[in-house]
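Structure first, commentary second.
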């Protein structure tokens, strides 16, 4: 979970409204403090100044180290100057929210999660994955309509869909530790 938070924080640094958008000629070196650089590829990027946001569209692939987020589109929303003034001094937060839509896939070495939409809320440090969610760890699987990850608490909540009447489902395989995780390429 810490790497996911680092991925999103680095995404903020890369995509800030004042960032220069020239393509680098070489791969960047690791950032000071041990944070790996993030690499984002998409078919299109649009700065939405009136919304304090940057929109990436078309086969979005965001990577930092072994963490990968893929989706059809990804929007990074920033705090306005007025909102930043209300934050606790020294927080240094620029990103307000990240929204990924369309065949969202989050992969790390330890787990993979998929869903229709992912929202990351910076101030609460909370991830909300909704719509046909599935989370794999080793060969174990949990499904539901939504998954909420509380990054600072190390807690997650999987909920059922009230409309569909479906229930949360979990499939645990005893002795599954150390086995290889099945491939789940969602594109």
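Just so you know, all these numbers are worked out from the coordinates, no wet-lab data involved. Being a predicted model, the structure only gives us computed values, none of them experimental. Neighbour counts are summed over all protein chains in view; Cβ atoms, including those assigned to glycine, are modelled from backbone coordinates with ideal geometry.
Computed from label points 7 Å out along Cα-Cβ, the spacing between residue 169 and residue 155 is 2.7 nm. Ordered by the number of other Cβ atoms lying within 10 Å of each residue's own Cβ, fewest first, 172, 121 fall into the sequence 172, 121. What's the FRET efficiency of residue 48 with residue 68 using the Cβ-Cβ distance as r and R₀ = 25 Å, to the nearest 0.05? The computed FRET efficiency comes out at 0.55. Applying 1/(1 + (r/R0)^6) with R0 = 30 Å to the Cβ-Cβ distance of residue 139 and residue 85 gives a FRET efficiency near 0.05.
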